[in-house]
2 protein chains.
Amino acid sequence: MEIEELSTEQKIKHVQDTLFVMSGKWELPVLIAINAGNIRFKDLQRSVPNITTKVLSKELKDLEINKLVVRTIYNTSPVSIEYRVSPYCKSLKPLVDEMIKWGYNHRIEISK
Amino acid sequence: MEIEELSTEQKIKHVQDTLFVMSGKWELPVLIAINAGNIRFKDLQRSVPNITTKVLSKELKDLEINKLVVRTIYNTSPVSIEYRVSPYCKSLKPLVDEMIKWGYNHRIEISK
DNA sequence: GATGCAAGTAACCTTAAGGATACCAGGATG
DNA sequence: CATCCTGGTATCCTTAAGGTTACTTGCATC
């Protein structure tokens, strides 16, 4: 895919697809927390400040639908459940890095 | 700024700053329309499908506050007003390109 | 046998983004 | 002089994201 060959309508559509997945309040904090090793539901709730069970539950489902997180059930007694970032999740790194850079520079730019 | 040296809290903060500017429904369509040469208010209203005057007005103010758009008043009779993307706006290109690429690939990934 | 924990679900509420519609002032145009 | 165009405001309404609080089931633990 060569970006320069896309029409502006196509560009907007692709950007909106990205925003649809990434633009909520909790997507990135949850992903980062899982990535940092918090793989159990209760661990995540404790490590992501102020998130509620309802919202965490919904975020995890959405992230699973988007193939960024894998949910695994273990037949322990009682059953335990683990959330892990998928290999595909690594594809987000260039994008997230750009977001970090731009956000960092933008705050400086605006304060001038 | 070296990304790897940032704490996860700092990374999240910078990403949220970026999302705060970019994550609405109309920011990018409006920027792209201005960039494509629609520089008058009414031209923009016509070239961005379904945007209302109220929302366009607000978007333009926000984009101006974020230094991405420059508003110029000309003492013609009657006064005419032009909106143009700022030089700083070009700093968005790497980010937007990453969003285009990821959105494009994500749709393919999800449909597998 | 009461209490606690994991992994959630259910029901209801608040707030902010965005949409719909109407309107306005000042000049231009027929 | 009536209507049109530009560049917007003002008011009210809808919807969706997220927040609050309570509850549940099945096991384990004291």
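Remarks
- In the range A:1-21, residue farthest from A:Tyr83 (Cα to Cα) [restricted to those that are open to solvent by less than 40 Å² (accessible area, probe 1.4 Å) and free of Cβ contacts under 8 Å to residues at least 12 places away in the same chain]: A:Leu6
- Residue identified as open to solvent by less than 70 Å² (accessible area, probe 1.4 Å) and within 18 Å of B:Leu6 (Cα to Cα) among A:Gly37, A:Gly24: A:Gly37
- In the range A:49-61, the residue that is least open to solvent (accessible area, probe 1.4 Å) out of those that are at pLDDT 95 or above and part of a loop (DSSP other than H, G, I, E, B) is A:Ile51.
- Checked across the range A:80-97, the condition of being part of a helix (DSSP H, G or I), within 12 Å of chain B (Cβ to nearest Cβ) and in contact with a Ser or Thr (Cβ under 8 Å, 6 or more places away or on another chain) holds for at least one residue.
- Residue count for the range B:32-85, restricted to those that are near DNA strand D (Cβ under 8 Å from one of its atoms) and among the acidic types (Asp, Glu): 2
- Count of residues meeting criterion [within 9 Å of the chain's Cα centre (by Cα) and either part of a loop (DSSP other than H, G, I, E, B) or within 12 Å of DNA strand C (Cβ to nearest atom) (or both)] in the range A:25-43: 1
- Each residue in the range B:90-110 was checked for being within 18 Å of the chain's Cα centre (by Cα) and open to solvent by 20 Å² or more (accessible area, probe 1.4 Å), and 8 pass.
The values are calculated or read from the model by the stated rules, or taken from the named source; none is laboratory data. As the structure is a computational prediction, the values presented were derived from the model and not from experiment. Every residue, glycine among them, receives a Cβ derived from its backbone with ideal geometry; neighbour counts consider all protein chains shown. SASA here: full protein model, heavy atoms, side chains in, ligands and nucleic acids out. Shrake-Rupley method; radii C 1.70, N 1.55, O 1.52, S 1.80 Å.
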